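Participant: This structure is in structure tokens; I'll ask about it shortly.
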Amino acid sequence: MRFGIVVFPGTWSDTDCYHAVKDVLRQDANYVWHKDTDLSPYDCIILPGGFSYGDYLRTGAVARFSPVMASVTKFAQQGGLVIGICNGFQILCEAGLLPGALMRNQHLQFRCQWTHLRVESINTPFTTSCQAGQVLRIPISHGEGNYYADASTLQAMNQRGQVLFRYCDPTGAATQEANPNGAVENIAGVVNEQRNVLGMMPHPERCCEPLLGGTDGRLLFDSVIASVK
């Protein structure tokens with residue numbers, strides 16, 4: 001399959017994503033400049049982490065208006081798979097492709113550390129290689145990963161199974177101590193109603209090979225590959 005990796009001014013996890021899918025997983029991959037609009041060659045679009053447009057105004061607010069985003073929206077509406085990681089998650093929320101918003105970390109500190117995530121649903125193209133309730137070890141690197149949605153939105157998301165990952169301790173308990181940024185209900189990743197758009201703050205591309213300290217991130221990419229094939 002072929003991945004398209006979107007590059008905005010200020011993106012910096014694009015090369016990490018490229019390495020993970022091209023060199024580790026042996027899939028086709030290309031960079032997609034933010035002014036490009038043709039996404040027809042791709043099976044899955046990745047919006048990587050970084051500081052698109054310097055995070056001016058607020059994270060993802062300017063990138064949301066890049067020419068490529070109209071194509072990403074159309075791609076998603078037609079059933080294409082989209083993954084937004086960290087800054088990519090923020091952009092997807094700003095673009096209205098995912099519910100909620102990402103705010104400053106509750107402690108107002110940038111955090112770069114390993115976290116544990118509990119898999120809440122395997123009924124998505126991104127988690128078919130996982131088990132329900134499985135605990136993954138995936139790192140974070142962000143200053144604005146505090147996920148928020150109002151009570152009615154959260155209720156609807158939980159009823160529809162849109163919460164895909166929650167921060168937890170190694171046993172799978174979603175405790176306050178295991179929450180690295182203050183995200184409501186320990187939410188680390190969500191999908192849209194159609195379940196083909198994923199946004200998550202942790203970086204799965206940073207843990208796809210033992211050299212980097214873990215391989216749990218590979219489960220997400222393996223799931224996507226299996227779903228497309």
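Bear in mind that the values in this text are calculations on the coordinates, not laboratory data. Here the structure is a predicted model, which means the values were calculated and not measured. FYI the Cβ positions are ideal-geometry reconstructions off the backbone, even for glycines, and counts take in every protein chain you see.
Participant: Could you check region 118-211 for strands (runs of 3 or more DSSP E) lying wholly inside it with 3 or more residues that are more than 17 Å from GLN106 (Cβ to Cβ)?
Facilitator: Numbers: elements: 135-142, 146-148, 163-168, 187-191, 197-200.
By residue number, 135-142, 163-168, 187-191, 197-200.
Participant: Under 18 Å from PHE89 (Cα atoms), small (Gly, Ala, Ser) and either over 13 Å from the mean Cα position of the chain (by Cα) or surrounded by fewer than 16 Cβ atoms within 10 Å (Cβ to Cβ) (or both) - does that describe any residue in region 193-211?
Facilitator: No: zero hits.
Participant: For a quick check of your reading of the model, give me the residue pairs whose first member lies in region 216-229 and is under 19 Å from GLY4 (Cβ atoms) and in contact (Cβ under 8 Å) with a residue 12 or more places away in the chain, whose second is surrounded by fewer than 21 Cβ atoms within 10 Å (Cβ to Cβ) and of a type in the set (A, V, I, L, M), with beta-carbon atoms closer than 8 Å and at least 6 apart or on different chains.
Facilitator: PHE221/LEU25; ASP222/LEU25; VAL224/MET1; ILE225/MET1; ILE225/LEU25; VAL228/MET1; LYS229/MET1
Participant: Name the residues in region 41-100 that are basic (Lys, Arg) and outside any loop (DSSP other than H, G, I, E, B), would you? Break it down into steps so the answer makes sense when it comes.
Facilitator: Here is the first cut: in region 41-100, the residues basic (Lys, Arg) are 58, 64, 74.
Listed by number, the residues that qualify are ARG64, LYS74.
Participant: If you take the residues in region 101-113 that are touching a residue at least 40 places away in the same chain (Cβ under 8 Å) and assigned to a loop (DSSP other than H, G, I, E, B), which one is surrounded by the most Cβ atoms within 10 Å (Cβ to Cβ)? Steps first, please.
Facilitator: Within region 101-113, the first condition is being touching a residue at least 40 places away in the same chain (Cβ under 8 Å), and the residues that meet it are 101-107, 111, 113.
Among the residues that remain, those that are also assigned to a loop (DSSP other than H, G, I, E, B) are: 104-107.
Details: ARG104: 17, ASN105: 19, GLN106: 13, HIS107: 11.
Only one residue tops the list, namely ASN105.
Participant: When region 216-229 is examined, which residues are found to be within 20 Å of HIS19 (Cα to Cα), buried (at least 16 other Cβ atoms within 10 Å of the Cβ) and not charged (D, E, K, R)?
Facilitator: GLY217, LEU219, LEU220, PHE221, SER223, VAL224, ILE225
Participant: Let me ask something additional. Counting only residues that are farther than 11 Å from ILE85 by Cβ and assigned to a helix (DSSP H, G or I), how many does region 9-25 have?
Facilitator: Quick first cut of region 9-25, residues farther than 11 Å from ILE85 by Cβ only: 9-10, 12, 15, 18-19, 21-25.
Among the residues that remain, those that are also assigned to a helix (DSSP H, G or I) are: 15, 18-19, 21-24.
Residues in region 9-25 being farther than 11 Å from ILE85 by Cβ and assigned to a helix (DSSP H, G or I): 7 in total.
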